[in-house]
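This report refers to the structure that appears directly beneath it.
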Amino acid sequence: MISPLITSVRAAGRVLVTLGLTLIGLTLTASAAASAEAAAPNKPGTLVIKTVPTIAGAQFRADGNTVVSDDTGMARLPVQTFAGLSARLEVLPTQVNDNLKVEFDRMLGSPEHPPGGVLTVGLRTQRLITYNFVGPNSTKMAPERISRLVLRSNTGETVPTDGAQLTRPIWLTASRTHQTQLGLIAKDVYWTVDRVVVDGAEVVNRGQQKFSPAQQRDWTIKLLFFQVRVTGEDLLFGGTAGSGVEVYRPDGTVDQVPFVDGYANLTNLPRGNYQMRVYASGLSSLREVAISKDQEIVLEVITPRDMWIVGSALALVAFGLVFIGRRHHVRAAGKRLMESERRPRWLRVLVVMLIAGSVFTPAAIGGPRPEQVSRLAARAQLPMTDAQEPLLAYYYIWYNPTSWLRAKQDYPLLGRYSSADSDVMRRHIEMAAAAGLSGFLVSWKHTEFLDPRLEQLVDQARRQDFKLGIVYQGLDFAREPLSAAKVAEDLRYFADRYATDPVFDLFGKPIVIITGTERYTVEQLTQIVGPVRDRLMVLASAKNLDDYQRTAALFEGDAYYWSSGDIDEPSYREKLERMGEAVHADGGMWLAPAAAGFDATDLGGRRVVDRENGETLRRAIEMAKGSGPDAIAIISWNEFSENSHIEPSELYGTTALRTLAEITGTGAGLEASLPMDSSEAGTRGQGLPSWLAIAVIVALALLLPVWAARRRRKLASRAGDGDPKELSPL
């Protein structure tokens, strides 16, 4: 019984061995054929093509043959010969379907000698995008109100749109390919709203609204429109005055809006700088008004009643200078008045002055003078400057009152605060927004100490429509990297809690910058970034090109924290520009640094970068702009140990924020948001209100005759027998 079984097993074994040898032979034969074909490029063959990304419908042509890629992105193109195929191979621009176009981007290897026998072709994709505009409360805005729209991609491409184009969908690049150590990969291209112009005013913050055509086909662009309530007020007596308001828009056009119940409600007013005046039977001068929020504006009017009082007072002053203290003139004048039918000259003058005071209305001068109108028209013809890049600032929430006892040269004007104080957070956001900052980049990691503070800051930012990003501290206090597992866990916690919070919607997805990326391996960073890449925009913190390029495939850009950079060094500008070019060439987001100054000598450092009364910050921002950033990251809001802070302080005052306000052209509400700086006490006064100034002038004018009369009597008493009527009035 055993012998037949053994015979059967041996027979089966011989069959398996035969089959194995046959397969090996076939494989060797195929390899030999492929090698022969490669060794003999003049022979006909088939070029195998793989698309990146995987696209069905891409077209390729060579030697009169055209093929289309299948659902797996593969295509097989017959060719007469592989020799010189690079010059004959065409990747045809193709509209694959109603909302997808593809065109050649790059290839891996050469068609004559494709690596592994397969030619990898990278395709640039385009998507058809529709968009709409909304104002406050998601109210739709008609495209006809928009005079210009400019979109900008993270690769530097710009698409300007105006006129009838604003009502039609547009094709935008959705993805491009990049060569990495892993081969060709496709990266989504994101677009930001660079400019939207309405009535000559910029109604978006540049770069703050981000969209990805690969993920989104219909965009909603939010515009900065505001509700403004205007009223006219009597200068001396208060109360409403005037019948309406004239609004001079940034493009030079003028609107007249009547008052209803004493007010004019201006709805959907684009953000910008306007001039306004009340039209009334009185005097109302043009007033510059910066519209950057919902607000109520009171415009002062000098009414006919105000001018009658002032004119009458001046007439009384003139009368008093002549007659007070000279009773003999009064008696003589009264006698002549009673005895003569002809009124004395002084009486005629007084009557004319009183009539002039009562009828002196600014109908002839109340409107803008011709030269004012011409200046407005000329200003409307000036070319509009580009909107500012978003300005962000690194922000630290680790301060306790005891923190100020170590390595500090300067202290905040708000006092030696705790970062857990929500009122301090509120004041910080108010000052930052008033100076033109768009958001804070908050230093954080998942701890019981920092989590509640981040939650408070998010609440305050939400109330003031202020944006936040995260700077994850990947190094510990000893500058050693945290474990990859710890960082990955913290980022998952943050994504679970805040990924959909509008406060972090700075560029579509929340920005998270990981510090110390140069201390991690590619494998560790893959473990950290991979699980949250679809929910967060994770940026590296590389400080040089080599380190950035080592990990570029893992991150969506780079934020370079260069607090000690000296703008006077020749290599400073060059380094920023090279970093910006490298990040954008890889399709990433570039956050360029700009510091107000630096002094870490109390921490053992040696370098000091002088602030030069705000000039260092001004020049640093200018150089940052030269690197083409998606945003400029100011170093820092409150890093007092390195003295790079721009928060108002005892040593440097409010210079940095005033400099930022000048650069950004904002500053509306800045003065009201700033804490009192004792060093500027002499320049912070508001002066007398205009009504009080007029009252003081009138009072002084009325007292002048009394003083003159007393002066005459005093001179008369000194003259002895002199006749007072012969003395000078003064």
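Worth a mention:
- Arg463 open to solvent by 10 Å² or more (accessible area, probe 1.4 Å), basic (Lys, Arg) and closer than 19 Å to Val442 by Cα: yes
- Applying the criterion of being assigned to a helix (DSSP H, G or I) and out of contact with any Pro (no Cβ under 8 Å at 6 or more places or on another chain) to the residues of region 621-655, the residue that is farthest from Arg152 (Cα to Cα) is Thr655.
- Checking each residue of region 533-546 against the condition of being charged (D, E, K, R), more than 17 Å from Val471 (Cβ to Cβ) and touching a strand residue (DSSP E or B) at 6+ places or on another chain (Cβ under 8 Å) gives at least one match.
- Counted residues, region 446-495 - those being part of a loop (DSSP other than H, G, I, E, B) and under 30 Å from the mean Cα position of the chain (by Cα): 7
- Qualifying residue in region 44-62 (condition: free of Cβ contacts under 8 Å to residues at least 40 places away in the same chain, part of a loop (DSSP other than H, G, I, E, B) and open to solvent by less than 40 Å² (accessible area, probe 1.4 Å)): no
- Some residue of region 198-205 being open to solvent by less than 10 Å² (accessible area, probe 1.4 Å) and in a loop (DSSP other than H, G, I, E, B): yes
- Residue pairs meeting the criteria (Cβ under 6 Å; at least 6 apart or on separate chains; first farther than 20 Å from Asp98 by Cβ, in region 157-170; second open to solvent by 70 Å² or more (accessible area, probe 1.4 Å)): Asp162/Arg148
- Tally, over region 208-229, of residues that are assigned to a loop (DSSP other than H, G, I, E, B), open to solvent by less than 20 Å² (accessible area, probe 1.4 Å) and more than 16 Å from Ile291 (Cβ to Cβ): 2
- Residue list for region 433-457, filter: over 20 Å from Gln209 (Cβ atoms) and touching a helix residue (DSSP H, G or I) at 6+ places or on another chain (Cβ under 8 Å): Ala434, Ala435, Val442, Trp444, Lys445, His446, Gln456, Leu457
- Region 147-191, subset open to solvent by less than 10 Å² (accessible area, probe 1.4 Å) and among the hydrophobic types (A, V, I, L, M, F, W, C), residue farthest from Arg127 (Cα to Cα): Leu149
- Here Phe507 fits the description: modelled with pLDDT under 90, of a type in the set (Phe, Trp, Tyr) and crowded, with 18+ Cβ neighbours inside 10 Å.
The values are calculated or read from the model by the stated rules, or taken from the named source; none is laboratory data. If you're wondering where the values come from, they're calculated on a predicted model, not measured in any experiment. Note: ideal-geometry Cβ built from the backbone for every residue, glycine included; neighbour counts use all protein chains shown. Accessible surface areas use protein heavy atoms only, side chains included; no ligands, DNA or RNA. Shrake-Rupley method; radii C 1.70, N 1.55, O 1.52, S 1.80 Å.
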